[in-house]
Amino acid sequence: MTTVSLKIESGATQSTPPKGFRSWLAFWEAQRGKHAAECEAFGCDREVTEAGRVIKVGKEDGVYILPLCDRCSSQANTRIFKAWDKDLVMLTAEPEAVT
């Protein structure tokens with residue numbers, strides 16, 4: 001499995017989830033087809049409270065959604081952390097609701 005270095009996207013707290021989803025966490029769970037329980041940042045085992053919009057460090061290939069705890073998600077651009085690449089959900093320009 002591949003790990004990636006990530007940081008929270010600037011201004012992510014002001015973004016709204018795609019139409020049809022009550023939160024970014026609901027969007028991630030629908031896309032992955034599973035429930036998020038633990039923060040996906042390596043070294044953190046706190047309960048998931050939301051899904052953060054993250055970017056890969058050193059790569060300009062898009063914005064991703066990842067389940068995080070409140071502590072990890074509040075560290076916008078101040079901390080680089082690692083997670084499994086397989087746990088990222090890429091955010092396209094117009095994400096669609098999963099029915």
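Which whole-Hz ³J(HN,Hα) couplings does region 43-59 yield from phi under the Karplus relation 6.51 cos²θ - 1.76 cosθ + 1.60, θ = phi - 60°, glycine and proline marked x?
x, 10, 10, 6, 5, 5, 10, 6, 10, x, 8, 10, 10, 6, 6, x, 10
Please list the non-local residues whose amide H lies under 5 Å from the amide H of Val48, H modeled 1.01 Å from N, same-chain partners needing a gap of 5 or more.
Residues meeting the criterion, in which the H sits 1.01 Å from N, are Glu38, Cys39.
How far, in nm, would the chain grow between Thr2 and His35 when pulled straight, counting 0.36 nm per residue and subtracting the alpha carbon separation?
The Thr2-His35 span can extend by a further 9.7 nm.
About the Cα centre, and with charges only on the beta carbon of Lys, Arg (+1) and Asp, Glu (-1), how big is the dipole of the chain? Nearest 20 debye, please.
140
Give me a comma-separated list of calculated 3J(HN,Hα) values for region 19-33, in order, Karplus coefficients 6.51, -1.76, 1.60 applied at θ = phi - 60°, integers in Hz, x for any Gly or Pro.
4, x, 10, 7, 7, 5, 5, 4, 4, 4, 4, 5, 5, 8, x
Can you list the residues, at least 5 places off or on another chain, whose amide H is less than 5 Å from the amide H of Glu9, using H built in the peptide plane?
Placed amide hydrogens put Arg53, Val54, Ile55 under 5 Å from Glu9.
Give the cysteines in the chain for which no other Cys Cβ lies under 4.7 Å away, or write none if there are none.
So far as the 4.7 Å Cβ criterion goes, Cys72 stand without a partner in the chain.
How big is the chain by the Kirkwood estimate over distinct Cα pairs, in Å?
Averaging 1/r across every pair of different Cα atoms and inverting gives 13.4 Å.
FYI, it's all coordinate maths here, none of it is from the lab. Predicted, not measured: the structure shown is a model, and the values here were computed from it. Ideal geometry is used to build each Cβ from the backbone, glycine not excepted, and the neighbour counts take in all protein chains shown.
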